[in-house]
Protein chains: 2
Amino acid sequence: MEKSLSLTEENYIKAIFQIGTTPESNVSTNALADNLQTKPATVSDMIKKLSYKKLIFYKKYKGVTLSASGSKEALKIIRKHRLWEVFLVNHLYFKWDQVHEIAEQLEHIKSSELINRLDDFLGNPTIDPHGDPIPDANGQVQLGPSKLLSEMTSHENGIIVGVKNENPLLLQHLDKINIRLGLHIEVTEVNDFDQSMQVKLADLGTLFLSEKITSQILIAKNL
Amino acid sequence: MEKSLSLTEENYIKAIFQIGTTPESNVSTNALADNLQTKPATVSDMIKKLSYKKLIFYKKYKGVTLSASGSKEALKIIRKHRLWEVFLVNHLYFKWDQVHEIAEQLEHIKSSELINRLDDFLGNPTIDPHGDPIPDANGQVQLGPSKLLSEMTSHENGIIVGVKNENPLLLQHLDKINIRLGLHIEVTEVNDFDQSMQVKLADLGTLFLSEKITSQILIAKNL
DNA sequence: ATTAATTTTTAGATTAGTCTAAAAATTTAA
DNA sequence: TTAAATTTTTAGACTAATCTAAAAATTAAT
């Protein structure tokens, strides 16, 4: 029986999950120290520990990425956090801006039985009071309805969840320009004349896409 | 702003409250070690700390007693524990024997706003699923309906909450034999012939009481 | 009323999580 | 492309909570 994470470990895992824009992005020591209100030296130590426990991947000076088991843990914590927020707002009548601090504590309560019963009690909500999606018991996130990238306007963002037609040539092309499912994407500019777009891909910088391509890519909100 | 107790400190305070049969009774180092599944040496150290913080009274080798502020803390923790138990049983449909472990975690969540709203949500219950009373927001415990000591049978127990008639001679006599309000009392034997009783008073040993006296003393369940 | 048994405390270590200060590696910029 | 700035890691120390082993105080028993 592998023993459960400490409160501190859980907070590190959650922070890594939330700072990384994509599951693949490397989270820096400083960013983590900042987020957790602690010192880089402290983070360095903890990173070694989490790495030893195989919750994260870590190359010295290169930041960290969650492993599969690390992601699973992160999703469990986020699920708990968001379900408790629903409870606080819908049943105890807290305002949506008052619940974060309390949910930060409640998210560490250990009992999957409890959280699954709470889920049922709340009517299995898929989003929390802030509109963020709630992972299900298997860590799966229910994504919102998808729409075409071409239908989005400047500053809109979302996750690439699919393509309209599974055309091999299209897929090959997307591959070439590094567009993959699951990537976070943000529209930075739409050209009025030809509907071409400038988009920003997490960790992959800026890209220009023609309307021919944007009308093939499906986007959904929130991972 | 005096900072709040650590989880460990809260557990010590709660244990002292629960082991002591009366607020005055001295709780031994060993009893505490036993209850908290730790070692007497550890308890000795923690006792010094809690004593320094004036949460308990402590004389070396003589055990500890909660101070006023210590009792207040204990009651707050117990209130939270029992309210959460009501939630788990009444709204999440846990069985009464499944809730203790989870409530042990939930009782440490810090937010009086939360617990007071939970109290309202639950309909301000006065007893938990095990029949134990729930202290109100001021730490006051709603005692059950009182009855005369003379109406009790062997092995029944309760708390002395008053006398039937405020007769000075009676009160003086009770004082003399060390009977005071708030004391825990247990009937050990009832004499069929004259209704006299043998009772055990917490920390004060065994006492014989005539029917003239037992018919004047009011007892309620659960402090 | 001594001695024996028990309880409690002290002394010295250990672990998790944290810190500061300094060294090492990497990145940025002249 | 070398120097400067930044980031990250190491080294050493601290605190809270814990432990074991041994000493001291109290209580029980002969």
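Say whether the condition of being hydroxyl-bearing (Ser, Thr, Tyr), modelled with pLDDT of 85 or more and farther than 30 Å from residue A:93 by Cβ is met by at least one residue in the stretch B:133-146. Walk me through it before giving the result.
Of all residues in the stretch B:133-146, those hydroxyl-bearing (Ser, Thr, Tyr) come to B:146.
Now restrict to residues that are modelled with pLDDT of 85 or more: none.
Looking for residues that are hydroxyl-bearing (Ser, Thr, Tyr), modelled with pLDDT of 85 or more and farther than 30 Å from residue A:93 by Cβ, one finds none in the stretch B:133-146, hence no.
Just to check your reading of the model, which residue among B:32, B:55, B:7 is under 21 Å from residue B:108 (Cβ atoms), exposed (fewer than 15 other Cβ atoms within 10 Å of the Cβ) and aliphatic (A, V, I, L, M)? Outline the logic, then answer.
Values: B:32 fails: exposed (fewer than 15 other Cβ atoms within 10 Å of the Cβ); B:55 fails: exposed (fewer than 15 other Cβ atoms within 10 Å of the Cβ).
Only one candidate passes the filter, namely B:7.
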query = Across the stretch A:138-149, which residue is farthest from the chain's Cα centre (by Cα) among those that are in contact (Cβ under 8 Å) with a residue 40 or more places away in the chain and under 21 Å from residue A:23 (Cβ atoms)?
reply = A:149
query = In the stretch A:1-20, what count of residues is obtained for those that are more than 14 Å from DNA strand C (Cβ to nearest atom), hydrophobic (A, V, I, L, M, F, W, C) and out of contact with any strand residue (DSSP E or B) (no Cβ under 8 Å at 6 or more places or on another chain)?
reply = 1
request  = Could you please find all residues in the stretch B:21-49 being touching a helix residue (DSSP H, G or I) at 6+ places or on another chain (Cβ under 9 Å) and away from DNA strand C (no atom under 12 Å from the Cβ)?
outcome  = B:23, B:25, B:36
task = Hand me the list of helices (runs of 4 or more DSSP H) wholly inside the stretch B:5-92 holding 3 or more residues that are within 14 Å of chain A (Cβ to nearest Cβ) and away from DNA strand D (no atom under 14 Å from the Cβ).
result = B:68-90
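Just one of B:114, B:170 is more than 21 Å from the chain's Cα centre (by Cα) and surrounded by fewer than 18 Cβ atoms within 10 Å (Cβ to Cβ); which is it?
On the way: B:114 fails: surrounded by fewer than 18 Cβ atoms within 10 Å (Cβ to Cβ).
Criteria check complete, one pass: B:170.
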remark   = Exactly one of B:55, B:118, B:83, B:122 is assigned by TED's automatic domain parsing to the domain that holds residue B:12 and away from DNA strand C (no atom under 13 Å from the Cβ), and that one is B:55
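Are any residues in the stretch B:187-215 in contact (Cβ under 8 Å) with a residue 40 or more places away in the chain and touching an Asp or Glu at 6+ places or on another chain (Cβ under 8 Å), and if so, which ones? Can you show your working first?
Start the filter on the stretch B:187-215 by keeping residues that are in contact (Cβ under 8 Å) with a residue 40 or more places away in the chain, which leaves B:195, B:197, B:199, B:202-203, B:209, B:211, B:213-215.
Selection gives B:195, B:197, B:199, B:203, B:211.
The values are calculated or read from the model by the stated rules, or taken from the named source; none is laboratory data. Since the model is a prediction, treat every value here as computed from it, not as a measurement. Cβ: placed from backbone, ideal geometry, glycine included. Neighbour counts: every protein chain shown.
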